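Trainee: Sending over a structure as structure tokens; questions will come in a sec.
The values are calculated or read from the model by the stated rules, or taken from the named source; none is laboratory data. From a predicted model like this one, the values you see are computed outputs, not experimental measurements. Here Cβ is always computed from backbone atoms with ideal geometry, including for glycine, and neighbour counts include all displayed protein chains.
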Amino acid sequence: MSINSELPPRGNGDSDTSVLSLIRQLTHEVPALISEELALAKAEIRSSVATAKAAAAALAGGMVVMLAGLVILLLAAVYALAMVIAPWLAALIVGVIAMIVGFVMVQSGKKHLEATHLAPERTMNSLHKDKDAIQRKVS
């Protein structure tokens, strides 16, 4: 019996080919995946920055209104010393209302600046899914 040297050796040649094709596929898909993830992260960061800008504007607006309320309250104290009843009472009521409005605005701005609102959640979820998919393909 002679051995034919032209025939490929039998065994795990198919598994080597499939591993090579998986590696080739990964080298093509990973850069595209990374660029898509970066684009998603950029979009989420832009959204977070816009939210932070709006919250900062609300904080600044609230602080201005609270400052006006403080001025009015101080004016009320002056009127209280200068006159006995009507003018200072009106100024006190307006000052308290202005302080309440300013406080509500500041609290609203602080709520929008919480770290949980600024995290890129969609990107993180997508990265976890991609990691799981790559682990499934490799194993």
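Trainee: Report every pair of residues separated by at least 6 positions or lying on different chains whose Cβ atoms are under 9 Å apart, first residue within region 26-37 and at negative phi, second modelled with pLDDT of 80 or more and hydrophobic (A, V, I, L, M, F, W, C).
Mentor: none
Trainee: While we're on this one: Quick test for you: out of Glu29, Glu114, pick the one residue that is under 38 Å from the mean Cα position of the chain (by Cα), at pLDDT below 80 and surrounded by fewer than 15 Cβ atoms within 10 Å (Cβ to Cβ).
Mentor: Glu114
Trainee: Among the residues in region 41-53, are any basic (Lys, Arg) and at pLDDT below 80?
Mentor: No.
Trainee: Determine, yes or no, whether Ala90 is exposed (fewer than 15 other Cβ atoms within 10 Å of the Cβ), part of a helix (DSSP H, G or I) and either modelled with pLDDT of 80 or more or among the small types (Gly, Ala, Ser) (or both).
Mentor: So Ala90 fits the description; yes.
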